[in-house]
Every structure is written in C-alpha cells, then in structure tokens.
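Structure, as structure tokens:
Just so it is clear, none of the values below were taken in a lab; they were calculated from the coordinates. The structure presented is a predicted model; accordingly, all values stated were derived computationally and were not measured. No Cβ is skipped: glycine too gets one built from the backbone with ideal geometry, and neighbour counts run over all protein chains shown.
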Number of protein chains: 2
Amino acid sequence: MRCIKCRKPANVEVRRHRSAFCAGCYPGWFRDQVERVVTHDRMFKRDQKVLVAVSGGKDSLALWHALLRLGYQADGMYIRLGIADYSRRSQAKSEAFAAEHGLTLHQVDLEGDEGFKVPDLAEQRSGKPCASCGTVKRYHFNKLAADLGYPVVATGHNLDDEAATLFGNVVHWQTDYLGRQGPVLESTHPKLVRKVKPLYRLAERDTAAYAVIERIDYILEECPMAKGAKSLEYKDLLNRLEETQPGAKHRFLVGFLKDGRKAVQGGEPVVLRECANCGQPTTAETCAYCRMVARGRRKAAELAEKYART
Amino acid sequence: MRCIKCRKPANVEVRRHRSAFCAGCYPGWFRDQVERVVTHDRMFKRDQKVLVAVSGGKDSLALWHALLRLGYQADGMYIRLGIADYSRRSQAKSEAFAAEHGLTLHQVDLEGDEGFKVPDLAEQRSGKPCASCGTVKRYHFNKLAADLGYPVVATGHNLDDEAATLFGNVVHWQTDYLGRQGPVLESTHPKLVRKVKPLYRLAERDTAAYAVIERIDYILEECPMAKGAKSLEYKDLLNRLEETQPGAKHRFLVGFLKDGRKAVQGGEPVVLRECANCGQPTTAETCAYCRMVARGRRKAAELAEKYART
C-alpha cells in the first residue's frame, strides 16, 4: 500500500476512507480533518479562546496538539480525579505536554477543593463510578470555562466514543439522551458553555496514529475503574461490525446525526434554571452534581457513625 | 435448577424471565405467552380464521401448533421458493405436519405459477436473493390471504428476528422502516391483509425448545442462500450483548415499541393504491414485486440474447 499523497510506502491505513498515508503526510491529513469539522460544524473561530478538556490520554492531547498546529488559541484544563496511580500518571503526562509547548493548563483538585475522589463515588449496584465521574467532569469543565470566560469547551471524544454512546442510548431507547447527542451542544443558559467535539469523525486508531507519529507522550493505559464498563462492550461490538462492514460505525453515527436525531427530537425543549445549591445551570431544583455530592456525604456520615458504634 | 411450576428438575431455562421449567410444564408456559400476546396486542379472536405463513422451520411450525392447541382456527400456507434441496425438504416437513394434524396447507409454486425461482433473484452486488425473497413472501402471503378472505396472516418472527431487523434498521437509520416496524401491521387498504407476529416476545431458543418437547419435526438447517447475511451477523452481535446483559434483546425491542417507535414516527402517513400491473396494494405506480419480476425477466432476456449471439 502506498501513501495517496506522495506514493511512498504507507504507514497508516484509513479503511473507511479507502486511504493510506506515510508517516510524513498523515499528520497533515489528520489536521485537515479536524479543521474541516471545526469549520463545517461552526465550532469556533481562530479569534476565540478554546478550553480543551485534557485527560492525559491520546485523544485529548492529540486534539490540543492539532488545534495549536492549526493556529487556534487553546488552553487546557485537567481535573485531578483521585484515581490513585492512574491519576498521578495522567496528571504528569498532561503537565509535561503543557510545559513542553509552553501552554496554560488549568487544574481542579477534586479531593483538595471538594473533599472527595472519584473512587468514593462507586455505585453500589455496578461497583463503578463511571456515570458519576461523567457528572464530575461535565460539571467542572463547564464551571471553570464559564468562570474564566471561555466561550467554548472542546473535548477529545472520537468516532468510537460517540458511536458507543449512541449504541448504548439506542439499545436502551433513551430517547431524551438521543435527542441531545451531537458534536455541538449549544449554550442555552448564560452559565452553560458551548461544548464541541472536533474529533467526532476520527476513529480511535486515527488519533492513536497521530499521537504516535507526532511523538505525543500520552498515558497508554485505560482508566482502571472502567474495566468491564458497558461503553467498552459497545465499542467491542461495533468493532466486530466494522470488521465485516467497513465504515459501519461512521454511517451509524453520521446517519443518526443526519436522519435519526431529527426523527427522535420533537419533545419539549429543555428549560434550564440555576441550581438552588451551587447556582450552576440545571433542569432540576438541585443539579445532578450537588445531588451526587450530597448522596456521597450522607453515605460517608452513615459509615462513620456505624464504625463509631462498633 | 428446578421448574418454577412443579419443582421437578428443570429442562429449559428462560434467563430473561428468571424462570426455568421441566419438559412437562414448559409447553403450557410457552402457549400462555402466545395467548397473552395475541390477546394483549389484539391480534385476532377465536372466531377468526388465521392464515399461518409456514416455512417448515421451528418458528412457523411451533406457532401453528401452539395456535391450534390454544383453540384458534389456523390454516397454513407454504410457498415453494425453488431453493433446490432445501426447499424440497422444507416442503416435505410442512406437508407432513399438516397431514399429521389433518390441517389445510395452501401452496404457491413460484416456478410453476410465476416462472422463476428465488435463486434467480440473487443480486449482483451481494450475490444474495434475501431481500427479493422477502418481497416474494410478503406479496404471495398477502395476495393468497386476501383472495381466500382470511382477515389476518400470522408469521413466526421471534424476538431474535425482530431485534435483528430493528438493529439493522437502526445501524443504517432507516427511519421510514423504523416507523413501520411492529408486531401488528394494520390493514390500510382493502387488499392489504393485517399481519401479526405472535412470537415476537419469545426467543429463538424458546421456540426451538417448544418444537423439540412437542416433537414437532421441523427442518433444522438454515436457508443455504442466507449464509453470511447481515441479519445473521446482527443476531450474533445481539447474542453477545445478551450474554453479558441478559434481557438486552427484549429491552431493545420492547423499548423501541414503547418509546423509540413513537419518537421516530410522525412522517407523512403512507397512501396505498393499486399496482398498475397486478392490482395489489402499493405505494408506487407499479408494486415492488412486479418491478422485481420485470427486472428478472429483462436480465434473463439479455442473457438469452447474449448467448444466441455467441
């Protein structure tokens, strides 16, 4: 196989585009794809400051790297989730990347600022804190961006992530989630910052190839708390489908955005107000984050009392 | 494991219902499920004559058997599709079942009556005639039922079939098919007979267990033309999901019927008229069946001419 740009031997194949690239041409193609999506989906312009949600993994660091090389103004934000060694290593990777490129990396320290860590949020039924961890990240990325005046938050969600989320929502027919899933979530409240996903048309292996070729030093391991998560199972099933029907994942996601989403929308528009406790935007009286934290504190107090009595 | 009815050792487990049955109690449970669906979904009543679409496989024969044991009036209909040995064996099984129980089995002979066989309909791209075979079956089951005055046609589609079809329609976001998929398809034209699927909540292995315990002699092999069909791939993926999330298939299908279908409906209502060629109901000028037959005849004539010239 040869590079479709320069005809040298190819190093990276992108089967669903029936393309292949050498290591020299690939990063340019990857950044073109990012640029195209940012422009086509009207995510942000070069005169806007973007806050990139950084985890230390390949996707968020590849996104940050590509945006900078494309001439966008992008700062980073990292949340210390407190998942033991994994968090320490991913923090180190994020800080090293920021330092190497002379970039601003904002940080939130969950344990220091809020008094809890993600492992404290593990659900009784599944033993996993993944759903709560999502609430934590959405909450703090939004709050910090709003507090510091960033008009937009960019996350590294790729095609595999988005297709797996869509798959989970379809399998359970979460029609309200379905109606709201997309690569651009508009601000519908003064305290709700726009969210965009510039990598949503690039596959996991595309971003991995970019990170490797651009020598981005990222954390290789998956989050240890996500082992056995349903999202990983959905990715696996979609990968099997992709093997026999190349492009199936892309058609599934893009077909949804084009036809399916319109069809499932049409419910009541969501009305946002401010959380009675913290003032952040929410559909409820108290926001999901505050309810989650309150639940965690109640549980901790119960445990403390139980141990005091024994 | 013990039978939940009589506490004897169980022979059949129905995991998604957290139930198990001995061979003595299982058929009664199975028929209860069929009866419940027929009543709950208002499919037909005991004073209506039902035409069962029979293929000689476990699902259609189990359905026919269960309906008769439940006291419904059910005749059968078999289409000779002309798929070589497979068709000959499935015809023999269907005729033997009808003879054994003293039942009426109507038949259509595709080659004799229409001058073609299903293998003639293989598509150039996929090499498979599965889509055309579906058109053939829908057309003749409907036409014969309408001609003979049956108010309803029952097919043996089970949970696995319906979930796989839904999966395929979702993966490709066929929103118009999605809006029309369901266990009861009402008659919307005088020549369009109601279609019902009384087994849509019973899994493939449930109907296989019923057929084995009731000693129904059915054709074990799958249709040889369906090898590698996408529907089988979708079944396989859903089976993997079912392994880690028992009940996932059922939730996927029932969730769709409850929430998803409503959400994707809302397009224009379909207006039916009569095919200019054969008079059967269709949304187009000429119906899908007549167009398919005409295409086949054109292709055959072209081939004949080509060979005549060489």
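Things worth noting here:
- The protein assembly as shown, dipole about Cα centre (Lys/Arg Cβ +1, Asp/Glu Cβ -1), debye to the nearest 20: 120
- Spin-label pair B:Ala131/B:Arg291, simplified geometry with 7 Å Cα→Cβ offset, distance in nm: 1.1
- Copy-to-copy label distances for A:Val270, where each label lies 7 Å from Cα along Cα-to-Cβ, are 3.4 nm in order of increasing length.
- Of the GluC sites (Glu not before Pro) in the range A:213-267, those whose Cβ has at most 13 other Cβ within 10 Å and which sit in DSSP loop: A:Glu221, A:Glu222
- Of all DSSP beta bridges in chain B, antiparallel share, percent nearest 5: 35
- Debye, to nearest 20: dipole size of the range A:167-274, +1 on Lys, Arg Cβ, -1 on Asp, Glu Cβ: 360
- Tilt relative to chain B, helix B:204-213 - C-alpha long axis, 0 to 90 degrees, to 10: 70
- Annotation for the range A:175-260: trypsin sites (Lys or Arg not before Pro) lying in DSSP loop with at most 10 further Cβ atoms inside 10 Å of their Cβ are A:Arg215, A:Lys227.
- Taken residue by residue and averaged, Cβ atoms of other chains lying within 10 Å of the Cβ of B:172-178 number 5.
- Counting every other Cβ atom within 10 Å of each residue's Cβ, A:Ile83, A:Ile4 order from fewest to most as A:Ile4, A:Ile83.
- Peptide B:235-241, shielding by other chains (average Cβ, 10 Å cutoff): 3
- Shape of the range B:152-203, Cα gyration tensor, a/c cut at 1.5: oblate
- Per-residue ellipticity at 222 nm computed for chain A from its helices equals -14500 deg cm²/dmol, with DSSP H segments shorter than 4 residues left out and the rest contributing -39,500 (n - 2.57).
- Full-stretch length increase - B:Cys6, B:Gln73 - with 0.36 nm per residue and alpha-carbon distance subtracted: 21.1 nm
- Interchain or long-range residues, amide H under 5 Å from A:Ala20's placed H: A:Ile4, A:Val14
- Distant-in-sequence amide H partners of B:Arg194 (H built 1.01 Å from N, under 5 Å): B:Val153, B:Ser187
- Taking the longest Cα principal axis of chain A as reference, the axis of helix A:84-100 is set at about 50 degrees.
- Less than 5 angstrom separates the built amide H of A:Val52 from those of A:Asp75, A:Gly76, A:Met77, A:Ala154, all sequence-distant by 5 or more or on a different chain.
- Applying a threshold of 23 Å to the alpha-carbon distances of A:Lys230/B:Lys58; B:Lys5/B:Lys58; B:Lys137/B:Lys227 flags A:Lys230/B:Lys58; B:Lys5/B:Lys58 as lying beyond it.
- 14 Å beta-carbon shell around A:Glu95, net charge (K/R +1, D/E -1): 0
- Per-residue ³J(HN,Hα) for the range B:224-240, Karplus 6.51 cos²θ - 1.76 cosθ + 1.60, θ = phi - 60°, Hz, x for Gly and Pro: x, 7, 8, 4, x, 5, 4, 4, 5, 5, 5, 4, 4, 4, 5, 5, 5
- Inter-copy label distances at B:Glu243, using a point 7 Å along Cα-to-Cβ, come to 1.2 nm with the shortest given first.
- In order along the range A:153-169, the phi-based Karplus estimate (6.51 cos²θ - 1.76 cosθ + 1.60, θ = phi - 60°) of 3J(HN,Hα) comes to 10, 10, 10, x, 3, 9, 4, 5, 4, 5, 5, 5, 4, 4, 4, x, 5 Hz; Gly and Pro are listed as x.
- Test item: Cα-centred dipole of chain B, Lys/Arg +1 and Asp/Glu -1 on Cβ, debye: 660
- For B:Ala92, the distances from its label point to the matching points in the remaining copies are 7.2 nm, ordered from shortest, with each point set 7 Å beyond Cα toward Cβ.
- Sorted fewest first by neighbouring Cβ atoms within 10 angstrom, A:His157, A:His189, A:His101 come out as A:His101, A:His189, A:His157.
- Gyration tensor (alpha-carbon) shape descriptor, the range A:207-310, a/c threshold 1.5: oblate
- Sequence-ordered 3J(HN,Hα) estimates for the range A:2-8 from the Karplus curve with 6.51, -1.76 and 1.60 and θ = phi - 60° stand at 10, 5, 6, 8, 10, 6, 5 Hz, glycine and proline given as x.
- Legend: residue pairs A:Lys117/A:Lys235; A:Lys235/B:Lys299; B:Lys93/B:Lys197; A:Lys191/B:Lys249; B:Lys117/B:Lys197; A:Lys143/B:Lys258, Cα-Cα distance threshold 31 Å; pairs beyond threshold, A:Lys235/B:Lys299; A:Lys191/B:Lys249; A:Lys143/B:Lys258.
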